[in-house]
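Contents: one structure, followed by commentary.
The values are calculated or read from the model by the stated rules, or taken from the named source; none is laboratory data. Note that the structure is predicted; figures quoted are calculated from it, not measured. Note that we place each Cβ from the backbone using ideal geometry, even for glycine, and neighbour counts take in every protein chain shown.
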Amino acid sequence: MIKELFTETTRTMKSSMIRELVASTRNIKGLISFAGGFPAPQTFPVETLSKLYAETIANESSFVLQYGASEGDPMLKEELLKWEGYDDITPDQLLITAGATNAIYYMSLALVEPGDVIICEAPSFLGSLVAFEALGADIQCVPLDQEGLDVVALQNKVEELQKAGKKIKYIYTIPDFHNPTGVTMSLKRRKELIEFALAARIPILEDNPYSRLRFRGEAVPTLFRIAHDEYANTDIVTEVVSFSKILGPGLRLAFVKGNKDLIERMCSWQQKVNIAPDNVSQRVTAHFLNRGYMDDHLKMCNDHYRPYLDKMLEATSKYLPPYIQYTKPEGGLFTWLWLPQTMSGDALFEQAKEYKVSFIPGSKFYPTNQEKFNSLRLNFSFSTFEQIEQGMKSLGTIMEEFKA
Ligand SMILES: Cc1ncc(COP(=O)(O)O)c(C=O)c1O
């Protein structure tokens, strides 16, 4: 009976296609999986967090076990602003949330009515796409290349949408070690994007879970940093930073910086949906930063991941046919393969099951009815070196068979 009462949105909401795909390979014994997106448990700061959790609960129980403020723990906010080096940003320009997923959802709840446009890179992070779809957003895609979001294509898209009388609410982008492609937006492209957004008066949502997972090369300043430093603007970019990939997704912790009025409205949504983020993980993270653990911890994470990325790139070049193009990221958790137009990642996925290898077909990272099929995403952080070697060898064989 209850099903009859479901709202239209609930009735038509898609379940996670990625979860279903992963479930379809669960019973394959000896499967080598490049499908996941989980951080490696070896990077979790177990000892330090155990100590800090015990101390925090023992010493600050009347604060941390109590309901917290909807805008977040003031001590964590202070530590975050110090960590990121913003001395002119005030706590009311900052909101702590239970993960980036919540922050992205609150921003969309604050801005998007059914039919309003959110512009995204294609492909993009599925978790955000399904949230946008559930809110009835009209998701419009812009391609990305080796330098990130194609700003010329963006300009054309905006012109076309404005001519059609569409309301564009914001541009959603993942500039660092993009999920799923691993691409990092160049500095030049970042500036072009900000200049365009300022001129067109379209806000940007910068989703940043991966920038601190940089294993080599020069860091590129975030869009928020560039807008702040070079354009004296803290309104055009709203930046969400997640602790999921650098401390542990189980903490459910992220923070978002941006326009004061927007942050205040997002906080109102948080109050309704969640009351407040977890007080214990907020205070523990504040102590983690305050005691200076973060730098060494990030170095450990990056030292851990670097050889796995190197192994994946080496095995890709050794075993995959020369007609496969792939991204060569300097961090993050993923690489991405472009297949020839005639080859489908979805068909390859089915074939790969027989070889006990899995990955996520690229089509899963596009909004409904805008799918492209000639790509796939590989995660390199969850397999052993031997599994990467064997898995990529098998993938090479499957591709040659497929092409034949
Ligand atoms: C681009 C992107 N945004 C957001 C998230 C979700 O982050 P959180 O665990 O903080 O909700 C992920 C997780 O994989 C991601 O890749």
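Scanning the range 156-164 turns up no residue that is out of contact with any Pro (no Cβ under 9 Å at 6 or more places or on another chain), within 16 Å of the ligand (Cβ to nearest atom) and either within 17 Å of VAL237 (Cβ to Cβ) or of a type in the set (A, V, I, L, M) (or both). Per the listing GLY258, GLY217, the residue uniquely at pLDDT 95 or above, in the same structural domain as LEU52 (by TED's automatic domain parsing) and in contact with a helix residue (DSSP H, G or I) (Cβ under 8 Å, 6 or more places away or on another chain) is GLY258. Of the residues screened, GLU20 is one that is within 30 Å of LEU378 (Cα to Cα), free of Cβ contacts under 8 Å to residues at least 12 places away in the same chain and not β-branched (Val, Ile, Thr). Do we have any residue at all in the range 200-207 that's within 20 Å of ALA69 (Cα to Cα) and not assigned by TED's automatic domain parsing to the domain that holds GLY332? There is no residue in the range 200-207 that is within 20 Å of ALA69 (Cα to Cα) and not assigned by TED's automatic domain parsing to the domain that holds GLY332.
So, PRO180, is that one assigned by TED's automatic domain parsing to the domain that holds ILE263, surrounded by 23 or more Cβ atoms within 10 Å (Cβ to Cβ) and in a loop (DSSP other than H, G, I, E, B) or not? Yes.
Exactly one residue out of LEU111, LEU95, LEU80 is within 14 Å of the ligand (Cβ to nearest atom) and either modelled with pLDDT of 95 or more or buried (at least 17 other Cβ atoms within 10 Å of the Cβ) (or both): that is LEU95. Within the range 49-70, being part of a loop (DSSP other than H, G, I, E, B) and among the acidic types (Asp, Glu) holds for one residue alone: GLU60.
In this structure, does VAL220 turn out to be in contact (Cβ under 8 Å) with a residue 40 or more places away in the chain and either touching a strand residue (DSSP E or B) at 6+ places or on another chain (Cβ under 6 Å) or over 26 Å from GLU330 (Cβ atoms) (or both)? When the stated conditions are applied, VAL220 does not pass them. Within the range 165-175, the set of residues being among the hydrophobic types (A, V, I, L, M, F, W, C) and within 16 Å of the ligand (Cβ to nearest atom) comprises ILE171, ILE174.
Within the range 173-201, being touching a residue at least 60 places away in the same chain (Cβ under 8 Å) and out of contact with any Gly (no Cβ under 8 Å at 6 or more places or on another chain) holds for one residue alone: THR181.
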